[in-house]
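Everything on this sheet refers to the single structure shown next.
The values are calculated or read from the model by the stated rules, or taken from the named source; none is laboratory data. Given the structure is predicted, the values throughout are model-derived calculations rather than measurements. Every residue, glycine among them, receives a Cβ derived from its backbone with ideal geometry; neighbour counts consider all protein chains shown. In case anyone asks, the SASA skips ligands and DNA or RNA and just uses the protein heavy atoms, side chains included. Shrake-Rupley method; radii C 1.70, N 1.55, O 1.52, S 1.80 Å.
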Amino acid sequence: MRNQTIGFVLSGLSDLPSLQLPLFLFFLLIYLLTIIWNLLIISLIVSDSHLHVPMYFFLGNLAGLDLCCSSVTGPRMLFDLLTKTRNITIMACITQVFCFLSFAASEIFLLAVMSYDRYTAICQPLHYSQIMSWKVCVQLASTVWCLGFAYSLVHTLCALRLSFCGSHIIESFFCDLPQLFQISCSDIYTNILLIFLLGGFIGVGSLILTIFPYVYIFKTVLKMKVKGKRSKVFSTCSSHLTVVFVFYFSVFFNYLRPSTNNHFAADKVVSVFYTTIVPLFNPLIYSLRNQDIRKAFHNVFLQKSLPPST
């Protein structure tokens, strides 16, 4: 790889010195809240025996993935904002690409599994405990994580063959495939083809597998005569669908659209959205609209902090 650069420079969120500290404080707050909320969800699921069911087992995995996604990009972004040091080595950049793609792809697969879990619980309640046994749940979660790593490994290995002999400025605050392609002087036809074929097939296929069960779920819910039960099911399903649509919109916008060199600002906004905002919103969406999570929070934390009544 002739004239290969020894590293890259991340353009960051802004070049204005006056914005560095406010941006640092703002995203530090978001990152800390993300860590706290997701760890809170995981600790509640582990601590409260009422949440030891498949639905919350997968929700705990989602919180873990959000925690990992945010931690792959957040600390580096905060470090660059605070120190104004934006240099990153090639191997550190490729490692960041691999980790982020692994967790993002795993989340795509997990959302499909969570949809299947809701379908089984609502449409086949009599056989739910047999179909979604703990052994099956662990196998599904393990498959989700393994598929995510395998998908990322394919793209990362293809990215390792790229040469970077021109501009070494990455127009983002973290390393991602579209930005690497923009500064590569290699033939990126294979890489782009992989994104549109493999990524499109997996992304669109997983989206169909995620949305399709809701056709049967809504049919079953509409037949329920108890309004309280119907509203609870709708609340759970709407939380899941909100997470699905927000996540898929941002991912498809970033990866499955024509690459241009004139939309750096829009790319950064979308990148900020799905790397920092979505991992914060996911636990909020589930916790604020979920009665079981609120009860678990009261039982695990508030009840223990209150003095015993005499």
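Quick one: angle between helix 134-160 and the longest Cα principal axis of the chain, in degrees between 0 and 90, rounded to 10, please.
Value to nearest ten degrees: 10.
Over the chain, with the other protein chains present, what is the accessible area per residue in square angstrom, probe 1.4 angstrom? Let's see the in-between values first.
Values: 15470 Å² over 310 residues.
Spelled out: the 1.4 Å probe surface of the chain, per residue, equals 50 Å².
Under the rule of at least 5 residues apart or a separate chain, name every residue whose amide H is placed under 5 Å from the amide H of Ile169.
Hits under the 5 Å cutoff: Val9.
If R₀ is 25 angstrom, what is the calculated FRET efficiency for the pair Leu153 and Ser186, using the beta carbon separation as r and rounding to 0.05?
Numbers: r = 19 Å, r/R0 = 0.77.
E(calc), rounded to 0.05, equals 0.85.
In the chain, carbon and sulfur make up what percent of the accessible area (probe 1.4 Å)? All intermediate terms of the calculation are to be shown ahead of the outcome.
On the way: 11040 of 15470 Å².
Carbon and sulfur atoms account for 71 percent of the accessible area of the chain.
Between Ile131 and Val215, what length comes free when the chain is fully extended (0.36 nm per residue of separation minus the Cα-Cα distance, one decimal in nm)? Could you put the intermediate results ahead of the total?
Details: separation 84, 0.36 × 84 = 30.24 nm, distance 1.99 nm.
So the chain would gain 28.2 nm between Ile131 and Val215.
Taking the alpha carbon gyration tensor of segment 1-75, what are the square roots of 5 times its eigenvalues, largest first, to the nearest whole Å?
Details: eigenvalues 260, 73, 9 Å².
That gives 36, 19, 7 Å for the three semi-axes.
Which sequence of Thr236, Thr143, Thr73 reflects their accessible areas, 1.4 Å probe, from the largest down? Each step should come with its number before you reach the end.
On the way: Thr236 25, Thr143 70, Thr73 0 Å².
The ordering from most to least exposed comes out as Thr143, Thr236, Thr73.
Please list, by residue number, everything in segment 11-29 whose backbone N is under 16 Å from a paramagnetic label point 7 Å out along Cα→Cβ of Leu82.
Zone members listed by number: 20-29.
Please list, in order along segment 233-247, the HN-Hα scalar couplings obtained from phi with the Karplus expression 6.51 cos²θ - 1.76 cosθ + 1.60 (θ = phi - 60°), rounded to whole Hz, x for Gly and Pro.
5, 4, 5, 5, 5, 5, 4, 5, 5, 4, 4, 4, 5, 5, 5
Taking 1 over the mean of 1/r across every pair of different Cα atoms in the chain, what Kirkwood radius in Å do you get?
Details: mean 1/r = 0.0475 Å⁻¹.
21.1 Å is the Kirkwood radius here.
Just to confirm the filter: which trypsin sites (Lys or Arg not before Pro) across segment 174-249 are DSSP coil and have at most 14 other Cβ within 10 angstrom of their Cβ?
Lys223, Lys225
Just the Cα atoms of segment 37-148: what Rg and Dmax do they give in Å?
In Å, with Rg to one decimal and Dmax whole: 17.4, 59.
Output wanted: per-residue J couplings in Hz (rounded whole) for segment 213-224, from phi through Karplus 6.51 cos²θ - 1.76 cosθ + 1.60, θ = phi - 60°, x for Gly and Pro.
Values, residue by residue: x, 6, 4, 6, 5, 5, 4, 5, 5, 5, 7, 5 Hz.
Please work out how much length the chain gains when fully extended from Arg294 to Leu222, using 0.36 nm per residue of separation minus the C-alpha to C-alpha distance, in nm with one decimal.
Details: separation 72, 0.36 × 72 = 25.92 nm, distance 2.59 nm.
Residue separation times 0.36 nm, minus the Cα-Cα distance, leaves 23.3 nm.
Can you send over the solvent-accessible area of Phe212, 1.4 Å probe, protein chains only, in Å² to the nearest 10?
Roll a 1.4 Å probe over it and Phe212 shows about 110 Å².
Which ³J(HN,Hα) values, rounded to whole Hz and listed in residue order, are derived for segment 9-22 from phi using the Karplus coefficients 6.51, -1.76 and 1.60 in 6.51 cos²θ - 1.76 cosθ + 1.60 with θ = phi - 60°, glycine and proline given as x?
3J(HN,Hα) across segment 9-22, in whole Hz: 10, 7, 5, x, 7, 7, 9, 7, x, 5, 9, 4, 5, x.
Calculate I(q)/I(0) for segment 170-209 by the Debye formula, one identical point scatterer on each C-alpha and no solvent, and give its log10 at q = 0.28, 0.30 Å⁻¹ to two decimals.
Debye intensities relative to I(0), on a log10 scale: -0.90, -0.94.
By how many degrees, 0 to 90 and rounded to 10, does the Cα axis of helix 54-83 deviate from the longest principal axis of the chain?
In the chain, helix 54-83 runs at an angle near 30 degrees to the longest axis.
Report, in degrees rounded to the nearest 10, the 0 to 90 angle that the Cα long axis of helix 200-211 makes with the longest principal axis of the chain.
Once rounded, the angle reads 20 degrees.
Name the shape class, rounded, prolate or oblate, that the alpha-carbon gyration tensor gives for segment 61-115, where a ≥ b ≥ c are the square roots of its eigenvalues, rounded holds for a/c under 1.5, and otherwise prolate holds if a/b is larger than b/c and oblate otherwise.
Values: a/c = 4.76, a/b = 2.10, b/c = 2.27.
Here segment 61-115 falls in the oblate category.
Suppose R0 equals 45 Å; then what is the FRET efficiency for Ile169 and Phe245 from their Cβ-Cβ distance, rounded to the nearest 0.05?
Working: r = 33 Å, r/R0 = 0.74.
After rounding, the FRET efficiency stands at 0.85.
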